[in-house]
Amino acid sequence: MIKVMKRPQTTLFMLVSVDGKISTGSNDERDFDKDLHNTDGIKEGLQQYYDLEQQTDLCSFNSGRVMAKVGWNDEKDVVEKIPVDFVIVDNKPHLTKRGVLNLLARTKSLFLVTTNKDHPALGIKDLNLEVILYEDTVNFIDLFERLADRGVDKMTIQSGGELNALLIRAGLIDFVSLVYAPLLVGGKDTTSLVDGKSIETTEELKMLKTMTLLEVKPLENSFLHLRYRVNNPQ
């Protein structure tokens with residue numbers, strides 16, 4: 001009998017440039033959220049992306065690197081509570097103890113996923129924190145099954161290009177929702193929607209993922225919203 005995997009329905013939701021970049025540069029100082037607010041021709045339509053983001057699932061999947069990059073390790077006077085569960089993968093770690101506490105103040109529940117036995121989250125006792133520790137590498141199939149067992153039925157993914165690639169190639173992304181900004185970024189080292197290992201052999205062509213277009217919606221200021229279903233094997 002074939003085992004049917006129970007896992008959340010997932011949507012990769014990202015803001016991208018027309019050339020597929022998800023950042024303005026190759027280091028952590030460069031960031032769409034920070035830089036595009038100061039870019040003429042983009043800043044005028046940027047709020048449309050944030051409005052769509054407010055409609056995403058009540059469980060958000062991201063990486064510790066992204067969380068640190070956007071400032072969650074900083075001291076904050078006030079952190080607004082939202083009714084959203086966060087799943088954060090953080091092996092290095094990128095998050096400090098302050099970052100974990102800030103995210104706990106922000107979220108309904110925090111699932112901190114790591115292979116780091118010294119992660120600062122392991123020293124925090126909080127009923128809304130669950131640390132999921134893996135030995136060497138994160139088993140994302142197992143992780144998604146665990147999340148389903150804990151009541152996560154839908155999840156929006158907004159991680160970086162490397163993590164996006166792992167999830168897509170593992171068949172764990174069901175839908176792709178992209179807001180295209182009228183922008184060309186360039187730079188071979190600037191992260192894109194899907195990074196990861198490049199395909200080199202004919203055998204590896206099986207890693208390609210086709211998609212079915214569900215919706216095309218022109219937005220104001222030359223922005224565009226596209227939605228796809230990923231054609232994963234049943």
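Scanning region 176-234 for residues that are touching a His at 6+ places or on another chain (Cβ under 9 Å) and either without any contact (Cβ under 8 Å) to a residue 24 or more places away in the chain or in a strand (DSSP E or B) (or both) turns up 177, 178, 179, 180, 215, 216, 217, 218. Exactly one residue among 172, 133, 103 is closer than 17 Å to residue 8 by Cα and surrounded by 14 or more Cβ atoms within 10 Å (Cβ to Cβ), and that residue is 172.
State yes or no: is residue 141 β-branched (Val, Ile, Thr), assigned to a helix (DSSP H, G or I) and either modelled with pLDDT of 95 or more or closer than 19 Å to residue 14 by Cα (or both)? Answer is yes for this residue. Of all residues in region 5-58, which are basic (Lys, Arg) and either touching an Asp or Glu at 6+ places or on another chain (Cβ under 6 Å) or over 19 Å from residue 70 (Cα atoms) (or both)? Answer for region 5-58, where residues must be basic (Lys, Arg) and either touching an Asp or Glu at 6+ places or on another chain (Cβ under 6 Å) or over 19 Å from residue 70 (Cα atoms) (or both): 6, 7. The residue that is modelled with the lowest pLDDT, counting only those in region 181-197 that are surrounded by fewer than 12 Cβ atoms within 10 Å (Cβ to Cβ) and over 20 Å from the mean Cα position of the chain (by Cα), is 188.
The values are calculated or read from the model by the stated rules, or taken from the named source; none is laboratory data. Keep in mind the model is a prediction, meaning the values are calculated, not measured. So basically every Cβ, Gly included, is an ideal-geometry build from the backbone, and we count neighbours across all protein chains shown.
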